[in-house]
1. Add +1 for every Lys or Arg and -1 for every Asp or Glu among the other residues with Cβ under 13 Å from the Cβ of Gly337, and state the total.
2. Going by a ≥ b ≥ c, the root eigenvalues of the Cα gyration tensor, does the range 398-452 fall in the rounded group (a/c under 1.5), the prolate group (a/b larger than b/c) or the oblate group?
3. Calculate one ³J(HN,Hα) per residue across the range 382-399 by plugging θ = phi - 60° into the Karplus curve 6.51 cos²θ - 1.76 cosθ + 1.60, and present them in order as whole Hz with x for glycine and proline.
4. Can you tell me how the chain classifies by the Cα gyration tensor, rounded, prolate or oblate, using a/c under 1.5 as the rounded cut?
5. Mark the label point 7 Å from the Cα of Asp343 along Cα→Cβ and return the residues of the range 372-391 whose backbone N is within less than 18 Å of it.
6. Contour minus end-to-end for Asp299 and Gln69, with contour as 0.36 nm per residue of separation and end-to-end as the Cα-Cα distance?
7. Net charge within 9 Å of Ala221 by Cβ-Cβ distance, Lys/Arg positive one each and Asp/Glu negative one each, not counting Ala221 itself?
8. Name all residues of the range 130-152 having a backbone nitrogen under 19 Å from the label point set 7 Å from the Cα of Asn476 along its Cα→Cβ direction, giving them as ranges.
Amino acid sequence: MKYERIKNFIGGNFTPIVSDKLLAIHSPIDGMPLTELPCSGKYDLDKAVSAARAAFLGWSKTPVKERVQVFFRYKFLLEKHLQELAALGSEENGKTIGESIAEIEKCIELTEFACSLPQLITGEVLEVSKGVECRTEYVPLGVVASIVPFNFPTMVPNWTIPNAIALGNCMIIKPSEKVPLSIGRIAELLKEAGLPDGVFNIVHGDAEVVNAICDHPGIEAVSFVGSTAVAKAVYRRATQNLKRCLALGGAKNHLIVLPDAVPDMTAQNITASMSGCAGQRCMAASAMVGVGAIDHIIDKICAEARKLIPGENLGAVINKASQERIERYITEAEQQGAKVLVDGRRVAVTGKEDGTYIGATVIDFVTPDMAVAKEEIFGPVICIIRANTLDEALAIENANPYGNAASVFTQNGGAARYVMEKASAGMIGVNIGVPVPREPFSFGGWNESKFGVGDITGKSSIAFWTKLKKSTTKWNAEAGVNWMS
């Protein structure tokens with residue numbers, strides 16, 4: 001193994017995990033054995049909660065302007081170690097170095113936002129009656145948990161770490177068991193930045209730990225990012241235990257292309273959207289709905305897709321099971337009458353024969369009832385559905401149960417506005433393949449892409465990670481007594 005066996009991070013220290021269940025972790029790039037991960041149990045979670053609760057007493061009383069100083073230093077450390085973090089993320093996840101660098105750059109932006117929190121949570125004060133004053137303040141919840149996926153080993157954890165902790169909470173994070181390395185380095189950087197022991201803890205494991213987090217009486221709130229099926233289960237279990245929960249699920253993002261779209265820009269954006277991070281992101285373009293005569297744009301999309309070379313500018317998918325599942329989607333669509341214009345199946349990368357790669361794939365003449373058109377593929381595959389009118393295209397988009405993102409490619413402002421108003425998705429793009437809002441705007445979808453209230457990043461996250469205290473005061477006796485007092 002290249003790295004030592006994975007340990008939990010509890011109370012400021014890496015601690016061995018005693019477990020009968022041991023998972024082997026390999027790099028998707030070339031199949032190299034990286035490490036072994038023992039799966040934690042409830043006992044390990046109890047230790048992490050105890051450490052976090054002990055730390056909360058002091059951390060929650062630390063003024064917010066002092067708490068964010070940790071994240072000013074953390075931001076500097078992310079910048080200092082950017083290349084190292086990118087290399088580690090690429091090694092365990094399979095994405096290209098360029099994609100990993102962009103992931104760390106997004107972590108830096110998320111941390112910058114957390115540093116602005118003192119200006120955003122100042123509360124309000126108003127004299128509501130003669131001599132009577134009302135005031136609001138944001139109060140941390142206590143111990144919170146974040147359950148994160150494999151596709152962004154550093155970025156998705158940083159959706160929650162800076163905001164939740166800067167707002168005064170103590171956190172337990174459960175990383176994906178597929179990518180356990182990057183989060184350990186994040187723990188080291190947070191400690192180097194001056195975060196007190198116990199404020200941030202890591203508990204590795206599988207579904208057993210996820211269930212224990214949902215059930216634990218010492219955890220006040222749970223965030224989750226992953227598939228819709230698991231998001232539903234986590235949301236139900238956590239809320240049944242009277243916890244706050246925000247669970248982000250999967251997606252089936254539709255890009256509507258009108259005949260007047262700029263061909264080169266459209267093809268480049270769509271190809272980048274469907275292939276970035278090997279399609280393993282909840283904002284990836286998975287379905288394109290072409291309206292009318294758009295064959296000239298499809299030709300350009302195919303040309304762009306052929307420029308993507310697995311192992312060079314197209315990363316690996318996470319493991320063999322994922323590779324096989326994606327290939328089954330493509331084969332099934334072909335058997336059902338769809339036409340594979342660019343075929344990414346059966347890819348072999350010289351020198352990386354044990355890597356798990358799928359080439360960029362373009363499938364035309366897909367119908368809305370096909371699995372490839374309805375289900376989240378999580379691979380570098382775009383399926384093209386034909387529509388005669390914009391209303392027909394919108395009907396196809398709105399019929400899908402998810403609601404993360406939708407985009408329209410057109411030079412017609414009226415058509416763009418029409419899609420912005422009618423599309424049932426939480427994040428809308430116009431001539432943009434990946435319409436992810438930048439900070440301070442928040443990330444979050446609709447429908448079966450999100451369960452819970454609010455969003456996971458930006459200003460919207462403040463309400464999730466805090467509770468609002470309202471105080472009414474009167475000091476002057478001459479103010480008298482009225483219906484308010």
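1. -2
2. Verdict is oblate for the range 398-452.
3. Result, ordered by residue: 10, 9, 10, 10, 8, 9, 8, 9, 5, 5, 5, 5, 5, 4, 5, 4, 6, 6 Hz.
4. Because a/c hits 1.5 or more and a/b fails to exceed b/c, the chain counts as oblate.
5. From the range 372-391, the list is 380-384.
6. Extra length available between Asp299 and Gln69 comes to 77.6 nm.
7. Details: positive: Lys243, Arg244; negative: Glu220.
Net local charge, Ala221 excluded: +1.
8. 130-135
Each value in this text was obtained by applying a stated rule to the coordinates, not by laboratory testing. Note that the structure is predicted; figures quoted are calculated from it, not measured. For neighbour counting, all protein chains shown are included, and Cβ atoms are generated from backbone atoms with ideal geometry for every residue, glycine included.
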